Amino acid sequence: MASTSNSTSSKIITLRSSDGEVFEVEESVALESNLIRRMMEDDCANNIIPLPNVTAPIFYLVIEHCKKHAEMKDNKEKKKELRSQGEELLKSDPHTYSNLMEAVNYLDIKSLMDLTAQWLADFLKGKSPRLIRELLKIKNDFTPEEEAEILERNRWAFD
Amino acid sequence: MKKMKRQAFGVGAAGAGAGGVDFISNLPEDVMSSILGLVPLRDAVRTSILSKEWRYKWVSISDVVLNRDCLMKKSSSSNTFSYSSSDDEIASAYVLDRVVQQLIGPICKFSCVFFSALVSHHFDLWIGFLSKNHGNVIKEFVMANERKIDWYNVPHSIFDYRELCHLELLNCTLKVPRTFKGFRNLSVLNLAAKFSKDDIECLISECPLLEWMKLIAFDYYQSLNIHAPNLRYLELDGEFVHLSIEEEACPQQLTDVCLTSDVFPRFWHGRVNVPPTSLMPFIGCLHGIKRLTLTEFYTQYLCIGIVPKNLPVTLGHLQYLEVELEFNSKEILASLCILRSSPNLKQLKIKYCVDSKERRIGILPVVDDISGGHAELCGVETQFDCFLSHLHAVEIIGIAMLSDLKFIRCILSNSPVLETMNVYTNRNVGAENVLTILEELLRSQPASTQAEIIYLGHYEESEWDYKIKFKDPRKTPTMIRRRL
């Protein structure tokens, strides 16, 4: 399939989210997704491409970030800005974060995978386990004995 | 980051938006191990206490990065150049012994940048562990011994990592075992090491996909013949008796070459049996080159013997040339030789040696006389017979003397489409002398009507340049990141 993705005469790809919403996306954006690329190469994408694992609100987010990512190429300021957005999202809405992460993983979008992975990595950096549990709603299900054992095993990390 | 395999979705589907539900713990395993590989090791280990779900997540990190900061409470973002005491270092090494053995991987990237050879038996231990458990999957291996006090002998087992794409060994001694069967996928090789001619030639020629190579050859001084048919980027730092690249192996692909040496050729006289020969023929076989950088004393190696007027071939693709000159007319001749053979050059950078103090300071008022004196240099004016018809940007760094201007004027008067010439003076030139130099410079008559000469002050070497000079392995620029 010849993909002459010219900014002026860009082809439009139609996609359908799991909840039935239909999206029209420029080919150049859609091809960021290796999943969609493969589907198009296999030519099983003549009409509407179904995305059974992605809901409309999450797909909106994905498209938005794909565009942002394309814009920020060679722009350090924007890159920084985009990287710092993860902290807020993870604090306020870890559920959306995990949905976004899973959608990006499913759609196999390399650039966004790097970005969203970096978000969580940055988030985990330097925070106490107690704070991480609280923010990400992780329940500590260890007994005090188990906890003591873990601390002992890698004591250096918890001093 | 490694490519993720697709995983079933639907985790956390229950109770969308519910406030008290933990959605992060159930991210796909391979995603999580990549994420934890981006976190400093200390923070990754600390996630084991979060909950049972998190207990063993960190042990499957695929990118293992060991450095001084990975054990620290706060990863220091500052670039301070402090060395930890050897006691700290040994203590950290023992901690890492235990950490490394907990890793279950699969480990794709292993990077260990710190420690001196004081703890080299720990290196051996980790590499041994890696070889035993992950040798078949590892794609990127980086090992840098920070101090060049003792040289770390790289264990032979790394030559069994058949899938390596990216190898960096800094401040090590390298011996290639006879059983070495090649790295069939290696594309990036960065070595700052002691090695023999046979070993290095064997290593290079057994990596058929090699595209990017940086070589700092310590105490080498032998000839080197490079056989790397897919090479695109080559950076060589060291002294070579003779340097060649196999004809069939240097087609149009090799576009970017950077050559440097911090030892001037005179140094070798009386010290070695075979004095260095001119490396100009090497430049002459870089048919496809687009960017050529010759720094420190390298230009002097092009001036040994008689400097030819032209290269044997035209470097028709050369767009960017950078040369570093000491006050020496022969280096100008060598630069001219390249310029004459580069009809399509667009950018030129000339750096006058900044730190060669005895020769560059205080000469200006007495000896330096633009109207006469340096007979050799005067020759340059008549020798400058090349027309730089595509040159549009020039940068001149570290002017210190009026006589530097002779060459610069020649460039100006032979570059009809020049747009900008940025000029920096040597930081040791006093304000008065700067004025004199600039006045003289402005009196030149550029061939291009649109040429702008812009004076940008003294040239301050950045901290980065300074560190590079000392070959700090940590400052080796991170190379093109390849998708592994």
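Values quoted throughout were computed directly from the atomic coordinates according to the rules given, and no laboratory measurement underlies them. In this text the structure is predicted, and so the values were computed from the model without any measurement. Glycine gets a Cβ as well: all are built from the backbone with ideal geometry, and neighbour counts include every protein chain shown.
Quick notes
- With a simple spin-label model that places each label point 7 Å from the Cα along the Cα-to-Cβ direction, the separation between residue A:143 and residue B:458 comes to 7.1 nm.
- Under 13 Å from residue B:57, Cα to Cα: aspartates and glutamates that are on another chain or at least 8 residues apart: B:29, B:30, B:43
- Cβ-derived FRET efficiency at R0 60 Å, residue A:84 paired with residue B:313, nearest 0.05: 0.75
- Vicinal HN-Hα couplings computed from phi for region B:211-225 (Karplus, 6.51 cos²θ - 1.76 cosθ + 1.60; Hz; Gly/Pro x): 10, 10, 9, 10, 10, 10, 9, 7, 6, 8, 6, 9, 8, 9, 10
- Within-9-Å neighbourhood charge of residue B:291 [Cβ basis; K, R +1; D, E -1]: -1
- Rg ratio (alpha-carbon, reference 2.2 N^0.38 Å) - region A:12-125: 1.07
- Cut-off under 5 Å, modelled amide H: who pairs with residue B:245 long-range: B:226
- For the pair region B:150-189 / region A:29-101, the C-alpha centres are spaced 38 Å from each other.
- Per-residue packing, averaged as other Cβ atoms within 10 Å, sorts the ranges B:277-285, A:84-92, B:90-98, B:442-450 into the order B:277-285, B:90-98, A:84-92, B:442-450, beginning with the highest.
- Region B:144-183: trypsin sites (Lys or Arg not before Pro) in DSSP coil with no more than 12 other Cβ atoms inside 10 Å: B:178, B:181
- C-alpha long axis of helix A:76-92 to longest principal axis of chain A, angle in °: 60 degrees
- Relative contact order [Cα under 8 Å, 6+ residues apart], chain A, whole percent: 19 percent
- One Cα centroid belongs to region B:389-414, the other to region B:278-301; the line between them spans 20 Å.
- Of A:145, A:32, A:81, the one that fluctuates the most in a GNM where chain A has Cα springs shorter than 10 Å: A:145
- At R0 = 41 Å, FRET efficiency that the Cβ-Cβ distance of residue A:153 and residue B:178 yields, to 0.05: 0.45
- Residue A:125-residue B:449 FRET efficiency (beta carbon distance; Förster radius 51 Å; 0.05 resolution): 0.35
- Unit charges on C-beta of K, R, D, E only; dipole of region A:12-125, Debye: 440 debye
- Per DSSP, loop trypsin sites (Lys or Arg not before Pro) in region B:382-438 with at most 12 further Cβ within 10 Å: none
- Amide H contacts of residue B:296 (H built 1.01 Å from N, under 5 Å, at least 5 apart or other chain): none
- 10 Å Cβ neighbours from other chains, averaged over peptide A:146-158: 4
- Close amide H contacts of residue B:235 (hydrogens built in the peptide plane, cut-off under 5 Å, sequence separation of 5 or more or a different chain): B:213, B:214, B:215, B:258.
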